[in-house]
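What follows is a set of notes on a single structure, which appears directly below.
The values are calculated or read from the model by the stated rules, or taken from the named source; none is laboratory data. From a predicted model like this one, the values you see are computed outputs, not experimental measurements. Here the Cβ positions follow ideal geometry from the backbone for every residue, glycine too, while neighbour counts run over all protein chains shown.
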Amino acid sequence: MTDWMEYIGEAGEIEHDGCRLHYRVSGSETNPPIVLTHGGALDLRSWNAQIPALIDNYRIITWDSRGHGLSKPIGGITLHGAAKDLKAVLDHLNVRNPILAGLSWGGYVIQEYAYHRMGSVRAMICLDTTAVTYTKLSKFESWSFRHSTFYHRLYPYGFLKWATPPAVAHDKSVRKYVKEAMSMMSGREFITFWKAVSRSLHFDESYDYPFPLLIAYGEEDNAGSIKGCAEPWHQHASNSTLVTIPRAKHCANQDNPERTNELILDFCSRL
């Protein structure tokens, strides 16, 4: 069983734009790099089940996005700023042409990084997320998403920490981890973060991904419009593969790590 509370890999920190960014590195420097970016209100430990499967063949970089985990303070977080944080970490580690993987918010961050050509990308793995540039929402959905911070303000953060774990994961140990990771953020930090999420989408129908793209989501993921947006995204992205992960909710890589690891390894082996 995976220990979600364990910190894996050699720890490091850099300061960028007023935030101390925490990262971990596992595997040989001679191996091709793969960079794993966690979901919102989680931290780098959410990838603990993937590291043993990848470590023999890849140099693995995990990191805490601004305001999450050990990367503090949150400051004025934006999606574009988070992508620049990622670039700072990769530049510091001299990482070139990585495979980028991201879950939920992490999927937004790596898409933003690639869209603005902040660095070369070998391939991208987007888990339980939507397309930053190709998520078609109705006017009502768009308005609701942009104003969703207001609704989060209505609930005490303690309630969100109680309600979120069973909504995003089946596994009890994952639920325990989710609550613990969320407790590393304050309610004020969460609202600041969610404001960034609600302003993340920027539609650009002309954009296509100039590298292989894996889109995957838990078959029981009911977060937002992830399921409904997956097929149109796949049809639009000419070099993409779409897969569902069985027996998994929003934290699919933690709910079903065996299947997630198989998908990642198979996808990477064909690059």
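Does any residue of the stretch 47-66 turn out to be among the charged types (D, E, K, R) and in contact with a Cys (Cβ under 7 Å, 6 or more places away or on another chain)?
yes
Looking at the stretch 165-173, can you tell me whether even one residue there is under 17 Å from the mean Cα position of the chain (by Cα), modelled with pLDDT of 95 or more, at negative phi and in a loop (DSSP other than H, G, I, E, B)?
Yes, the stretch 165-173 contains a residue that is under 17 Å from the mean Cα position of the chain (by Cα), modelled with pLDDT of 95 or more, at negative phi and in a loop (DSSP other than H, G, I, E, B).
A quick yes/no check of all residues on (1) surrounded by fewer than 23 Cβ atoms within 10 Å (Cβ to Cβ); (2) without any contact (Cβ under 8 Å) to a residue 12 or more places away in the chain; (3) outside any helix (DSSP H, G or I):
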position: 74; (1), (2), (3): yes, no, yes
position: 108; (1), (2), (3): no, no, no
position: 125; (1), (2), (3): no, no, yes
position: 143; (1), (2), (3): yes, yes, no
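Residue 174 - would you say it is touching a Gly at 6+ places or on another chain (Cβ under 9 Å) and within 30 Å of residue 262 (Cα to Cα)?
Answer is no for this residue.
Only one of these is surrounded by 20 or more Cβ atoms within 10 Å (Cβ to Cβ), part of a loop (DSSP other than H, G, I, E, B) and at pLDDT 95 or above: 83, 41, 114. Name it.
Selected residue: 41, the only one of 83, 41, 114 that is surrounded by 20 or more Cβ atoms within 10 Å (Cβ to Cβ), part of a loop (DSSP other than H, G, I, E, B) and at pLDDT 95 or above.
Name the single residue that is surrounded by the most Cβ atoms within 10 Å (Cβ to Cβ) among those in the stretch 218-267 being among the polar types (S, T, N, Q) and without any contact (Cβ under 8 Å) to a residue 60 or more places away in the chain.
If we take residues in the stretch 218-267 being among the polar types (S, T, N, Q) and without any contact (Cβ under 8 Å) to a residue 60 or more places away in the chain, then 256 is surrounded by the most Cβ atoms within 10 Å (Cβ to Cβ).
Does residue 67 satisfy the condition of being free of Cβ contacts under 8 Å to residues at least 60 places away in the same chain, small (Gly, Ala, Ser) and assigned to a loop (DSSP other than H, G, I, E, B)?
no
Counting only residues that are touching a Gly at 6+ places or on another chain (Cβ under 6 Å) and not in a strand (DSSP E or B), which one in the stretch 3-38 is nearest to residue 107 (Cα to Cα)?
Result: 38.
Considering each of 79, 100 in turn, give the residue that is within 17 Å of residue 32 (Cβ to Cβ) and among the hydrophobic types (A, V, I, L, M, F, W, C).
Only one candidate passes the filter, namely 100.
When you go through (1) over 19 Å from residue 5 (Cα atoms); (2) at pLDDT 95 or above; (3) of a type in the set (Ser, Thr, Tyr) one by one for residue 198, which number turns out not to apply?
Answer for residue 198: the failing condition is (2).
Could you tell me which residue of the stretch 44-64 is surrounded by the most Cβ atoms within 10 Å (Cβ to Cβ), considering only residues that are out of contact with any helix residue (DSSP H, G or I) (no Cβ under 9 Å at 6 or more places or on another chain) and not in a strand (DSSP E or B)?
44
If the requirement is being β-branched (Val, Ile, Thr) and assigned to a helix (DSSP H, G or I), which of these qualifies: 192, 244?
Of 192, 244, the one residue that is β-branched (Val, Ile, Thr) and assigned to a helix (DSSP H, G or I) is 192.
Closer than 28 Å to residue 203 by Cβ, modelled with pLDDT under 95 and β-branched (Val, Ile, Thr), is that true of residue 129?
No, not satisfied.
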